[in-house]
Every structure is written in structure tokens, then in C-alpha cells.
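Here is the structure we will look at, set down as C-alpha cells.
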Amino acid sequence: MVAAYQPVDQLVPLARAAEEHGFRAFSLADHVVDLEEVTTPYPYTPDGRRRWEPDVDWPDPWVTVGALAQVTTRIQFFTSIYVAAMRNPFVVAKAVGTAAALAGGRVALGIGVGWCRDEFDLLEQDFGTRGKRTDEGLALMRELWKPGWTEFEGEFYRCDRLVMKPEPPGPIPVWVGGLSDVALRRAARNDGWVGDMATVDEAVEIAARLRALRVELGREDLPFEMAPALTDALTPEDFQRASDGGVTLCMTMPWMYYCKQDAPLEQKLDGIRRFREDVMDKL
């Protein structure tokens, strides 16, 4: 279930309801700030305008996971999408690892290279090297999350022997967002793909491309998640067709099948229940 753009005071009841009604995962979005004017067009709309209004809440996802993990026991949390290259990778590793420890391992890092040059400039991180720094940062973070001492020497980051505590209870899956060939190849090298809005046919086509890439890499037998937001899946049969085509998770705001995105909390909770009865129980 997608929690993007939701008021921060609704996140706890939405997470509780998602778990109660059998949803597998709860996704959280990421921006540090929302700038009034940006020079970079938003890449996922035809006119380059952002999908959200400036009054939308953007809580820090890892602080949020730490809180929501205390009121749930089963549901998994992932980011859609976290832009690690806007931050120092040691700080990112600490936040994600701590959230994973608090959640008992119910965490996946959904990561992307980012689109907003202005936000990178504000946080004093280089926009042009964000792809290379994402790959190197992931390699560093995987080492930092392991038990024991870490040494690292890369093009952008290095450290002498150090240890980072608390350790996550196990490996943290990395799911990669993006639609470009570079992004899909990065996803294939990791543990999953987090998509944008797509039709069932589009998502199934991307799943096939990712399967082929993973065969090339010899990773076809390793676990891999496919998590798009399906724009034309309305019936259980639609969701089943996506699943048969390789989609493993569908990001959705289930109440939007019955009411508006900004409906009162009670209507959202009722929409979660109805979606379970109308779709999930029939799959």
C-alpha cells in the first residue's frame, strides 16, 4: 500500500489497517524539501509538473519506519523512492540500518538516482555523478550493514576500519526505481524494481526485460521483486494477469477505488477494507 502524500498523523492508523487487512507492504516516499520553483522538469508527467501540491507532508521515511514498526508486527516497509545520493552514504546506512533493526528486518531500500538538480544543490551533493555515487554508495552500505569491521576504498567514498551499530538483523534488500535502460540494469544487479505508474501490459513487458537482464547476470534464481503502480488494474483478473506476468507487488492507494485521494481518514480505512474484500480475497 502506498502512503505517499498522506498527512503524517494518518500514517499510524493506515499502517495498522494495512496489516490488519492482509497487505504485504507499506511504501513511503522521499523528499527533503519541496522547492517552490525548480529548474528540472519532473520526468513522470507529460508537462513536467509535479503530481503533488506544496502542502503535502514528506516525513523522513526512516524515522517513520521506526515509528510504524512499533505498531505493526508483520508488514514490510520500503521506500518509493529514496534518493540516497543526495546524502552522505554513512548517514544513509545508519538511518536505514537502524530502521531495519527497529522493524526486525521488515525493511527494503527502494532507491533511485533522483531527478531534481535543485534539491541536490541545496544539500551540496553533485547532481552529475549521482548514478555512479548511487552504485558506489550501495556497495559501501552493504559492507557497513555486515557484522564486524568495515574498510572501504572507492572513487567517491572511503573509510578506514570502523564499525556501525546497530546492525540490521540480516541483509537489507535493495529495490531500484526508474524506467531508463541504466535504471533497469541497476535493478537487475540488485534485488528488485520499483516502478512508476504503468498499465498491466507495460509492467509485464518490463518484467520480461528484467528477467532477461538477470539471466545475463546469472541472477535469475535469486529473489527479485517487481513493484509497479498499475493504472488499469481494476478487477481481481487484472491483478492476476499482472502476477502471472511477473509482478510481485502492486503499489496502490486502495481507497481511491471508492473515494478521493484526500478523503477523510475513516473513508480511507473503509476503502482498505473494501479493497481486501473486492480484490484481495478473490485472488
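Rule-based calculations on the coordinates, nothing more; no lab input. A quick note: this is a predicted structure, and the numbers were derived from the prediction, not measured. Cβ sites come from the backbone with ideal geometry, for glycine too, and all protein chains shown count toward neighbours.
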Per residue of the range 55-69, what does 6.51 cos²θ - 1.76 cosθ + 1.60 with θ = phi - 60° give for ³J(HN,Hα)? Whole Hz please, x for Gly and Pro, Karplus curve as stated. 8, 6, 6, 10, x, 4, x, 7, 4, 5, 4, x, 6, 5, 5
Springs between alpha-carbon pairs under 10 angstrom, Gaussian network model over the chain: which of ALA93, ALA29, ALA67 fluctuates most? ALA67
The long-range amide H neighbours of ASP196, using H built 1.01 Å from N in the peptide plane and a cut-off of under 5 Å, are GLY178, ALA229
Whole-Hz ³J(HN,Hα) from phi, Karplus 6.51 cos²θ - 1.76 cosθ + 1.60, for the range 42-49, glycine and proline x: 5, x, 10, 10, x, 9, x, 8
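Expressed as cubic angstrom per residue, what is the convex hull volume of the alpha carbon set of the range 53-145?
100
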Above 13 angstrom, tally the Cα pairs of the range 1-45 and express them as a % of all pairs, no decimals. 66
Given the options LEU122, LEU179, LEU213, which has the most mean-square fluctuation in a GNM of the chain, springs set between C-alpha atoms less than 10 angstrom apart? LEU122
Just to check, using Stokes-Einstein with a Kirkwood Rh over alpha carbon pairs, what's the diffusion coefficient of the chain at 37 °C and 0.692 mPa s in µm²/s? 168
Could you size up the charge dipole of the chain around its Cα centre, putting +1 on the beta carbon of Lys and Arg and -1 on that of Asp and Glu, and report it in debye to the nearest 20? 840
Between PHE77 and residues 5 or more places away or on another chain, the pairs with built amide H atoms under 5 Å apart involve PHE26, VAL107, ALA108
Would you look at the GNM of the chain, springs on alpha carbons closer than 10 Å, and say which of SER180, SER243, SER27 moves the most? SER180
With θ taken as phi - 60° and the coefficients 6.51, -1.76 and 1.60, list the Karplus ³J(HN,Hα) couplings across the range 116-131 in order, rounded to whole Hz; mark glycine and proline as x. 9, 4, 4, 6, 4, 4, 4, 8, 6, 10, 6, 6, x, 9, 4, x
